[in-house]
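The values are calculated or read from the model by the stated rules, or taken from the named source; none is laboratory data. Treat the numbers as computed from the prediction; the structure is a model and nothing was measured. Note that we place each Cβ from the backbone using ideal geometry, even for glycine, and neighbour counts take in every protein chain shown.
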């Protein structure tokens with residue numbers, strides 16, 4: 001409300017000066033003088049009445065700017081803290097990644113060694129099984145050869161005996177064989 005009164009008073013002063021100058025009609029210098037006087041009075045009135053609001057405006061503006069600078073500096077500090085935190089995390093992450101890589105290399109090396117050990121054991125088993133199969137086949141072959149050799153020896157002995165044994169020898173061998181069987185039979189019945 002006070003501001004409206006001030007503005008009305010200033011307007012009345014401005015309108016009164018040219019009216020007074022037109023009534024006299026004396027000189028253009030006097031007209032310019034009134035105008036200058038009106039402007040000076042207007043400036044004086046504006047300065048007198050508007051000084052406090054202008055001072056308040058600039059004071060508030062200065063305080064707002066100071067607060068904004070303070071907030072900006074706080075935000076910058078927080079941003080720098082976050083940046084340093086993320087830099088530390090990045091360094092920690094690099095160290096963790098290197099640790100993971102090292103662990104993976106060690107695990108891969110252990111697995112490789114285990115696979116090689118398993119492969120060596122499997123090769124050893126296969127070789128051992130092969131040796132056992134070869135030994136078994138050799139024993140079987142040796143037994144078969146012995147059996148065939150024995151059969152052949154019996155056959156040859158039979159042929160040699162057949163050539164050398166006479167009918168009297170056959171009769172005597174047959175009698176001895178029967179006697180042995182009878183004595184074995186008699187010994188079996190006693191038991």
**Request:** Given the conditions (1) within 30 Å of the chain's Cα centre (by Cα); (2) modelled with pLDDT under 90, report the number of the one that residue 85 does not fulfil.
**Result:** (2)
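Being surrounded by 10 or more Cβ atoms within 10 Å (Cβ to Cβ), more than 27 Å from the chain's Cα centre (by Cα) and assigned to a helix (DSSP H, G or I) is true for just one of 115, 65. Which residue is that?
Values: 115 fails: more than 27 Å from the chain's Cα centre (by Cα).
Answer to the selection: 65.
Quick grid of which residues meet (1) in contact with a strand residue (DSSP E or B) (Cβ under 6 Å, 6 or more places away or on another chain); (2) at pLDDT below 90; (3) part of a helix (DSSP H, G or I); (4) surrounded by 10 or more Cβ atoms within 10 Å (Cβ to Cβ):
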{"site": "4", "(1), (2), (3), (4)": "no, yes, yes, no"}
{"site": "13", "(1), (2), (3), (4)": "no, yes, yes, yes"}
{"site": "18", "(1), (2), (3), (4)": "no, yes, yes, yes"}
{"site": "21", "(1), (2), (3), (4)": "no, yes, yes, yes"}
{"site": "36", "(1), (2), (3), (4)": "no, no, yes, yes"}
{"site": "69", "(1), (2), (3), (4)": "no, no, yes, yes"}
{"site": "92", "(1), (2), (3), (4)": "no, yes, yes, yes"}
{"site": "96", "(1), (2), (3), (4)": "no, yes, yes, yes"}
